[in-house]
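Peer 1: Sending over a structure as structure tokens; questions will come in a sec.
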Amino acid sequence: MTDAGAPAPRIRRRWPLVLAALLAAGLAGFYGLRRFDLRAYAEARLAEAIGRPVQLGALSVTLGPWTRIEARDLRLANLPGAADPVMLRAGTLRAEVDLFSLLRGPLRLRAVAASDVTLRLERVGATWNWRFRPEAGPKPPSDLRALPSLHDIAARRVSIVYAMPRGQTFRIGIAEASLAAEADNRPMHLAARGTYQGIPVTLAATLGTLDAFRKLPAPFPVKLDLGAPGAALDFDGTMTEPLDVDGAAGRLAAQGTLQSILRFGGAGTEDQTTLSLAGPFRRTHDHWRLENAAGELGAERFTARRLVFDEGGPGAPDAIAADIAFPHLDLGAVAPKGGGQGGGNPLELPLAAAANPDPRLDLALAVDALDVGAIHVDGVSLHVLRTPGLLALDQAALSWLGTRLQGTARIDGAGRASATLTARGADIGTVAHALGFGMLPIGGTARATAMLSAQGATLGTALAGARVTAVASIARGQIESRILELASTDLRLLFRRASGTTPITCGLAVITGQGLAGAVSPFRIATGKGTLAGRGSFDLSRRTLDLVFATERASTHFLALDVPVRVSGTFADPRIRPARFSAQGRAELARLLALPALPGPLAEVARRDRCFR
């Protein structure tokens, strides 16, 4: 994180005075010598102007209409308490000064050059080390009207280390760079070649005029192109503080492969999927914002309605907010490929939400049509929050096979997880077929509400002990008549075979589970020809079930014997046969009309259903 309110390192109002004093002293005392050493004098004046000790290995001045100044082995002290006592080291600094511009102004420089430079930027305590003589309160705008005319600047072999407050280190290497302009009223051109974190990069920029730069903080034109192997970034707009890349407003465009882009963040992947993004960009101090940007991930188009990055202050976390929408997304086509770094078993991830997460997150994703392998879903909507002591799926919704699924989930700082899921409009036959069930004797439209609770030190331990409770109901449906007569053991089956279906008046089931196994107890299906009640169990890992049900005597024909029936076996091929029940078992089955204790929201759902009123 940077302190966006801090100005870039500069002493613009002091160093022209120091330079003028050096030249005046040379003219007054050494004009006839043509060459002289002013090292000690310059060190004292620079230290006084900057407020830090300065050391010069050598300083020489060669007088003439264009006077040449050369400094070697310059060292600028860091703030007290810094890890490295030296902030700036420079092997050679050179410049030529128009001697007579000291009298008539503005100061004119040419052939400005620096080489073998190392610069360390960091925060020491509460102060960034590029703040010289920091003053209390807001810093007044710098007066740039006396900025020298300089049309030819070059640098070679420059190394910049940017140490972040939390320990991260960013390294920039400049093999060579140049800044040139034909005149103060002509555009400046910047070119540089070097590395960022070891990645080769190039920079080409067309800037406003030096006259416009002197009028800062008025918007200053900036057009830059940053390139790296497999990636590029372009900006075309204005900045009010171009040396800090602050006060930016314009169009930003970025493109590249995921492999190239993720390398800048330190991640490793061989994924060659391309990503591009372009839209209006603004930066104001710690606030970076890209809005209504158009992008493509592979062949999938998307809109970044909002991408926001807020840099945290001293001791404060960063914050990231995003709102992205895809008309269509094939997850298999754009999922990361290749060997990523790290990895590990996701079940070993700690479950507890961080007390002070960095960064904080507010992420929204919408996908009109999503394909995950052979699975197709519509209307996907996700909203994720990461705040102190909380990781939450604040909203989740999608439509699958005509079923609308909506839910929420949250994990707190103690590793407690909870979730709620509601399914509406589910076609029983369609969903059962997708889950691998065979042909079911029951059909219609169902809805369900489920609640999950879990706790554990890791995701794996939490999932192993996770408990699920759900209430499912049938609003409209039908059941095969033979099932009712089989369950009731109707004596009429001796003379005919039941055919067709019977409309379902209502249906309700209470489902509990732990891990991938669970129970259905009770369930009740009411029709005009009788009411089924029963219980059962299932194992999703083995894809097996075991159900026992019977008809209620008061609801069936007087010829019905109401013998319990057992359905057991695999989902795809269950076996149906009469159940062997003791008198105690029959009495237990009869008590299934009573609802078990349920969590508040589920109890309310069950109480509203007419099957258990």
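The values are calculated or read from the model by the stated rules, or taken from the named source; none is laboratory data. Here the structure is a predicted model, which is why all the values come from computation and not from measurement. Methodologically, a virtual Cβ is constructed for each residue, glycine included, from the backbone with ideal geometry; neighbour enumeration extends over all protein chains shown. In case anyone asks, the SASA skips ligands and DNA or RNA and just uses the protein heavy atoms, side chains included. Shrake-Rupley method; radii C 1.70, N 1.55, O 1.52, S 1.80 Å.
Peer 1: So which of 377, 367 ends up being farther than 18 Å from residue 458 by Cα, in a strand (DSSP E or B) and either within 19 Å of the chain's Cα centre (by Cα) or not β-branched (Val, Ile, Thr) (or both)?
Peer 2: Details: 377 fails: either within 19 Å of the chain's Cα centre (by Cα) or not β-branched (Val, Ile, Thr) (or both).
Result of the check over 377, 367: 367.
Peer 1: Another question about this same structure. Let me confirm something: among 487, 498, which residue is modelled with pLDDT under 85, outside any strand (DSSP E or B) and over 17 Å from residue 547 (Cβ atoms)?
Peer 2: 498
Peer 1: Can you confirm whether residue 201 is among the β-branched types (Val, Ile, Thr), touching a residue at least 12 places away in the same chain (Cβ under 8 Å), touching a helix residue (DSSP H, G or I) at 6+ places or on another chain (Cβ under 7 Å) and within 21 Å of residue 252 (Cα to Cα)?
Peer 2: no
Peer 1: Looking at this structure, is residue 419 free of Cβ contacts under 8 Å to residues at least 40 places away in the same chain, open to solvent by less than 40 Å² (accessible area, probe 1.4 Å) and touching a strand residue (DSSP E or B) at 6+ places or on another chain (Cβ under 9 Å)?
Peer 2: yes
Peer 1: Which residues, counting only those in region 194-218, are over 31 Å from the mean Cα position of the chain (by Cα), of a type outside the set (Val, Ile, Thr) and open to solvent by 50 Å² or more (accessible area, probe 1.4 Å)?
Peer 2: Initially, region 194-218 is screened for residues over 31 Å from the mean Cα position of the chain (by Cα), giving 206-218.
Pick out the ones that are also of a type outside the set (Val, Ile, Thr) and you get 207-208, 210-218.
Hits for region 194-218 are 211, 215, 217.
Peer 1: Still on this model: Give region 216-257 a look and list any residue that's out of contact with any Gly (no Cβ under 7 Å at 6 or more places or on another chain) and in a loop (DSSP other than H, G, I, E, B), or say none.
Peer 2: 216, 218, 219, 229, 245, 247
Peer 1: For the structure I just gave you, tell me whether residue 40 is over 39 Å from the mean Cα position of the chain (by Cα), assigned to a strand (DSSP E or B) and among the aliphatic types (A, V, I, L, M).
Peer 2: no
Peer 1: Of the residues that sit in region 244-265 and are open to solvent by 40 Å² or more (accessible area, probe 1.4 Å) and among the β-branched types (Val, Ile, Thr), which one is modelled with the lowest pLDDT?
Peer 2: For region 244-265, the residue satisfying everything is 261.
Peer 1: Take the conditions at pLDDT below 95, within 17 Å of residue 208 (Cβ to Cβ) and of a type outside the set (Asp, Glu) and apply them to residue 222. Does it pass? Quick ask: steps written out before the conclusion?
Peer 2: On the way: at pLDDT below 95: no; within 17 Å of residue 208 (Cβ to Cβ): yes; of a type outside the set (Asp, Glu): yes.
Considered against the rule, which asks whether it is at pLDDT below 95, within 17 Å of residue 208 (Cβ to Cβ) and of a type outside the set (Asp, Glu), residue 222 comes out as no.
Peer 1: I'd like to check something: does region 26-48 contain any residue that is aliphatic (A, V, I, L, M), at pLDDT below 85, open to solvent by less than 30 Å² (accessible area, probe 1.4 Å) and farther than 30 Å from residue 317 by Cα?
Peer 2: Taking every residue of region 26-48 in turn, at least one turns out to be aliphatic (A, V, I, L, M), at pLDDT below 85, open to solvent by less than 30 Å² (accessible area, probe 1.4 Å) and farther than 30 Å from residue 317 by Cα.
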